[in-house]
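Read through the structure below, which is laid out as structure tokens, and then see the notes.
The values are calculated or read from the model by the stated rules, or taken from the named source; none is laboratory data. Predicted, not measured: the structure shown is a model, and the values here were computed from it. Cβ: placed from backbone, ideal geometry, glycine included. Neighbour counts: every protein chain shown. Note: areas computed on protein heavy atoms with side chains; ligands, DNA, RNA excluded. Shrake-Rupley method; radii C 1.70, N 1.55, O 1.52, S 1.80 Å.
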Amino acid sequence: MTARIIDGNALSAEVRGQLATRAAALAAKGITPCLAVILVGEDPASAVYVRNKVAACEKAGMRSLRDVYAPDVDPAVVFARIAELNADPTVHGILVQLPLPRHFDSEAVLEAISPEKDVDGFHAENVGALMQGNPRFIPCTPYGVMKMLESANVPLKGAEVVIVGRSNIVGKPMAMLLLAQSCTVTICHSQSKDLAFHTRRADILVAAVGRAKMITGDMIKPGATVIDVGINRTPEGKLCGDVDFETAKEVAGAITPVPGGVGPMTITMLLANTLEAAERTQK
Ligand code: GUN
């Protein structure tokens, strides 16, 4: 059996079409949704992500601002810029690309963003709201994964879910969202004993560790839905996920590819959150 492919590019195009209609309705009222992105340092992957986010805004008819700072910038400069963006009524979303250089207190930076403009959903207030089952902004990658599961008609109620990775960006919010849909959720991490024992039980397996091809076909339950959040490079420089696609697709029932899976949905949900933030200023 070869798994059904859950196509993130196709779903992105569909969702972005819906967003464009909503953006046009706002534009008719004289409001253009605007996302401000802050990048500190020269990490090449972060630079690519930020470029893609800004380009997606422009394509969707949204405004974007991009501030790029040297890796040794005084954090006070970045805090001052966040305060300025918080106070600017024409800016609806603010995103600080992570990771930040080591001399930054990342948590303090995320807390400095106004919770109403925190389109990443990383501010403690928004994390708490998600945990209480009343989210203001859903973190973009897990939000995209939920849309993919929905579009692929994957049954959630009572499903055994195993998430590999416990990050604040993906693993933890992903667990909250799936728990809210009545899944039974297990989170595995680098200290988990016998990872394959857990992954083989999963009806839905979410891989979000950042290690190329670490989930192989023999670790997957036949017919399971496999969601690959990883974006890695092989030694030959080819893009690949955390899942070994070639062996996994022979066992899984449905699978997201890399590239063209979760990645485009993450950016799409960032646009959705920015639009939502702009719409809320009207309420
Ligand atoms: N770094 C990796 N993923 C993300 C993300 O979703 N948001 C931000 N701000 N930084 C990231």
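Take every DSSP beta bridge whose two residues both sit in the chain; close to 5 percent of them are antiparallel.
Legend: calculated FRET efficiency, LYS157 to LYS59, from the Cβ-Cβ distance at R0 = 35 Å, rounded to 0.05, equals 0.45.
The residues ARG66, ARG280, sorted by heavy-atom accessible surface at 1.4 Å with ligands and nucleic acids left out, run ARG66, ARG280 from largest to smallest. Here region 132-269 is assigned +1 on the Cβ of each Lys and Arg and -1 on the Cβ of each Asp and Glu. Its dipole about the Cα centre then comes out at about 360 debye.
Taking every DSSP beta bridge with both residues inside region 147-283, roughly what % is antiparallel (nearest 5)? Could you put the intermediate results ahead of the total?
Values: 2 of 18 bridges.
Expressed as a percentage, antiparallel bridges in region 147-283 total about 10.
What length, rounded to one decimal in nm, is gained on full extension from VAL77 through to LYS238, with 0.36 nm per residue of separation minus their alpha-carbon distance? Length gained between VAL77 and LYS238: 54.3 nm. Overall, the accessible surface of the chain at a probe of 1.4 angstrom is composed of carbon and sulfur to the extent of 54 percent. Largest accessible area first, the listed residues PHE122, PHE197 line up as PHE197, PHE122 when surface is computed with a 1.4 Å probe on the assembled protein chains.
The residues of the chain have, on average, 47 Å² of accessible surface per residue, using a 1.4 Å probe with all protein chains present.
Accessible area per residue was computed with a 1.4 Å probe on protein heavy atoms; THR141 scores about 20 Å². Would you mind telling me which residue in MET219, MET174, MET265 has the biggest mean-square fluctuation in a Gaussian network model of the chain, where springs connect alpha carbons within a distance under 10 angstrom? Between MET219, MET174, MET265, it is MET219 that shows the largest mean-square fluctuation.
Quote to one decimal, in nm, the extra length available between THR21 and ALA180 on full extension: 0.36 nm per residue of separation minus the C-alpha distance between them.
Extra length available between THR21 and ALA180 comes to 54.3 nm.
Take GLU236: with every protein chain present and a 1.4 Å probe, its accessible area is about 150 Å². Which residue fluctuates most in the GNM of the chain (Cα springs below 10 Å): VAL119, VAL40, VAL206? With Cα springs under 10 Å in the chain, the top fluctuation among VAL119, VAL40, VAL206 is at VAL40. Per-residue ellipticity at 222 nm, computed for the chain from helices alone with -39500 (n - 2.57) per DSSP H run of at least four residues, works out to -12500 deg cm²/dmol.
Place a label point 7 angstrom from the Cα of GLU125 along the Cα-to-Cβ direction, then list the residues of region 85-112 whose backbone nitrogen is under 13 Å away. Counting backbone N atoms under 13 Å from the label point, the list is 86-87, 111-112. If you take the Cα centroid of region 181-233 and the Cα centroid of region 40-83, the two points sit 32 Å apart. Counting only residues at least eight positions apart within a chain, or on another chain, the lysines with an alpha carbon under 17 Å from that of LYS117 are LYS53, LYS283. The residues PHE104, PHE79, sorted by heavy-atom accessible surface at 1.4 Å with ligands and nucleic acids left out, run PHE79, PHE104 from largest to smallest.
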